[in-house]
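Where a number appears in this text, it was derived from the coordinates with a stated rule and is not lab data. Everything numeric in this text was worked out from a predicted model, so none of it was measured. Glycine also receives a Cβ, built like all others from the backbone with ideal geometry; neighbour counts cover every protein chain displayed.
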Amino acid sequence: MRQSQDRQRQSLVKWGVLGLSKSAVPKVSIIIPCYNGEKYLQDALDSIVMQSYKEYEVIVIDDGSTDSTASIIRSARLPIRYEKQENAGVSSARNRGIRKSTAEIISFLDHDDMYYNETVLQRAVAAFNSDYDLGVMHGSICFIDENGTQIGLDMCPKYQDQDTLAALLFYRSCIPGTGLFVRKKSLVGVGMFNEKYQAAEDYDILLRLAMQKHKFAYSTEPFVKYRRHAMNLSRIGSTRNHDNTEAQRIEGNILKSYPISSIIKVFEKSSFPEDEKCARLGTVLLRMGMIADAKNEFLKSINLNAFNIDARFCMGVLCVRESRYDDSIKHYDVLLKNNVCVQNRTHLAGIYNNYGVALILSGRTEEGFESIERALICNPNYQDAGYNIRQRGHKCTDLKLTPRPLRAN
């Protein structure tokens, strides 16, 4: 035990995170991994310049850019530590930035995003100053389009304790890696980013931080403006990975790295209502490919609460995959006819889309496309529904199901 503690201390000394006074005002290292960032990088840098808190350093790790990123850095209005490496991905770039950092607190900002307003650093530093045990600070996400116009807001679900937080993270990736503040010793303590992951790398490290009991805090005011645009959605060659299929596959592998007994224990200790514990655990098991166990949890949830959205939604998905279209329709009917999601248009959009797919596959084609049209009325930017509506008039053999309830934003 003593040898293990000595090794951990040596590691922390190596990375320069010991010897800091608890009363010292921390400085922030802002790490920007960048790949071909010429279009949006200046916006990110401008959002740093406007910060009211000035005790920071900026580290840009250029992950093999072939555009004018370097010239933008040279003409920047603030000092920047700039290093270029061969393209190795976002995890490698972030780890290199961590190694180069000198501050106690690390802030990650993707090159195509911006800090939400001028008080972001000030708010984060105040939180770390008031609680030396705090390891991670995060906020909600403000989504913007290519032109910087706000198109949505994603609020992290509230959590009262570490077990509920860990259960939330197992259930879904609900904390963004960009705009995140982490104490450096916490990052080093969990081994930093896993460089084999080119997607869901932030999900992986956040789960490790939560499961190893590093303390989290949450601000309802956003820390970051998260930009949605063509390049980060296609993510070809990018340090930022948004291919949903690939990210979901990697998230499934990350989940499988945890013993199922540990995951179940986290949910049992969480503060969720009993029907939510079953439904959300079922969603995790489904993502891990444990179909039969997932079904059992969904059915337990429905027995406790016939209108549980997660359980009904995912059972509808499973029924379609098993070609039990009428059973799928029944699950979505329960939610639609009882107005379960009338106040949440995002959830309603997902239900209308999947309901429409089940109707089409059961032979009720026009009813199905009418339902998908309703999904797009609820959420005009809904990609699965947009794809499906374009299949009208064609052979409907490749319709897109949304695998789990959509996040409100």
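A few remarks follow.
- Taking Cβ atoms as reference points and 13 Å as the exclusive limit, the residues near residue 304 contribute a net charge of -1, counting Lys and Arg as +1 and Asp and Glu as -1.
- Gyration tensor (alpha-carbon) shape descriptor, the stretch 146-217, a/c threshold 1.5: oblate
- Vicinal HN-Hα couplings computed from phi for the stretch 144-153 (Karplus, 6.51 cos²θ - 1.76 cosθ + 1.60; Hz; Gly/Pro x): 10, 8, 4, 9, x, 7, 5, 10, x, 9
- With both residues required to sit in the chain, DSSP beta bridges show an antiparallel share near 35%.
- Between residue 161 and residue 248, the modelled label-to-label distance comes to 3.3 nm, taking each label 7 Å out from Cα in the direction of the beta carbon.
- Peptides ranked, highest mean first, by Cβ atoms within 10 Å: ranges 285-292, 98-105, 150-157, 392-399: 98-105, 285-292, 150-157, 392-399
- Alpha-carbon centroid distance for the pair the stretch 314-364 / the stretch 68-135, whole angstrom: 43
- As a rough footprinting exposure proxy, the listed residues 333, 112, 131, 62 were ranked by other beta carbons within 10 Å of their own, and the order from fewest upward is 131, 333, 62, 112.
- The stretch 314-390: relative contact order as a whole-number percent, Cα under 8 Å and 6+ apart: 25
- Residue 338 versus residue 52: modelled label distance in nm, points set 7 Å from Cα along the beta carbon direction: 4.8
- FRET efficiency for residue 38 and residue 389, using Cβ-Cβ distance with R0 set to 60 Å, rounded to 0.05: 0.95
- For the chain, the longest principal axis of the C-alpha atoms and the axis of helix 90-100 are separated by about 20°.
- The angle separating the long axis of helix 291-304 from the principal Cα axis of greatest extent in the chain is about 80 degrees.
- Length available on full extension from residue 256 to residue 327: 0.36 nm per residue minus the Cα-Cα distance, which gives 22.6 nm.
- Counting only alpha carbon atoms, the long axis of helix 365-378 and the longest principal axis of the chain meet at about 30°.
- Under 5 Å between amide hydrogens, built in the peptide plane, is the criterion, and for residue 56 it picks out 28 among residues at least 5 positions away or on other chains.
- Taking N as its residue count, the alpha carbon Rg of the chain over 2.2 N^0.38 Å: 1.04
- Fewest neighbouring Cβ atoms within 10 Å first, the residues 114, 192 line up as 192, 114.
- Prolate/oblate/rounded label for the stretch 306-389 (Cα gyration tensor, a/c 1.5): oblate
- 13 Å beta-carbon shell around residue 217, net charge (K/R +1, D/E -1): 0
- Computed over neighbours whose Cβ is under 12 Å from that of residue 102, the net charge equals +2, Lys and Arg +1, Asp and Glu -1.
- Cα-based shape type of the stretch 90-158, given that a ≥ b ≥ c are square roots of the gyration tensor eigenvalues and the cut on a/c is 1.5: oblate
- Projecting label points 7 angstrom from Cα along Cα→Cβ for residue 367 and residue 132 puts them 6.6 nm apart.
- Kirkwood Rh and Cα Rg combined as Rg/Rh, the stretch 18-112: 0.98
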